[in-house]
Amino acid sequence: MRSPVAERYVLRQNCTGSYLSLNHQTQSIEGVSSVEAAWSFHSHEGAVNHALLIGQTHGETPDVIKLA
């Protein structure tokens with residue numbers, strides 16, 4: 001059964017505890033303190049895939065956090 005509320009996931013850096021966001025001007029990934037400003041994903045699979053790719057390029061795989 002599908003939930004009426006869409007799932008939402010964000011990525012969090014282990015070392016700083018900040019959430020990852022995409023800077024639209026520079027197209028770079030940066031840390032932000034607010035969940036609301038974080039890059040969000042609507043599927044767990046999408047969030048995990050991006051976390052793994054970020055880990056390969058940045059050397060640290062971020063945590064995938066499910067928001068309520």
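Just so it is clear, none of the values below were taken in a lab; they were calculated from the coordinates. Computed from a prediction, not measured in an experiment: that's the story for all the values here. For neighbour counting, all protein chains shown are included, and Cβ atoms are generated from backbone atoms with ideal geometry for every residue, glycine included.
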TODO: Determine how many Å³ per residue the convex hull of the Cα atoms of the chain encloses.
DONE: 91 Å³
Open item on the list: Under 5 Å between amide hydrogens, which residues at least 5 positions from Arg8 or on another chain qualify, with H placed 1.01 Å from N in the peptide plane?
Closed with: Leu67
Task: Virtual spin-label span in nm between Glu45 and Glu30, 7 Å along Cα→Cβ - done: 3.3 nm
TODO: Provide the net charge surrounding Gln13, with neighbours chosen by a C-beta distance below 9 Å and charges set as Lys +1, Arg +1, Asp -1, Glu -1.
DONE: -1
Open item on the list: Between helix 44-58 and the chain, what is the angle of the helix's C-alpha long axis to the longest principal axis, kept within 0 to 90° and rounded to the nearest 10?
Closed with: 10 degrees
Open item on the list: Can you compute the modelled spin-label distance between Ser18 and His58, with each label point 7 Å from Cα toward Cβ, in nm?
Closed with: 0.9 nm
Open item on the list: At a 10 angstrom cut-off on C-beta neighbours, averaged per residue, how do the peptides 11-17, 54-60 rank from highest to lowest?
Closed with: 11-17, 54-60
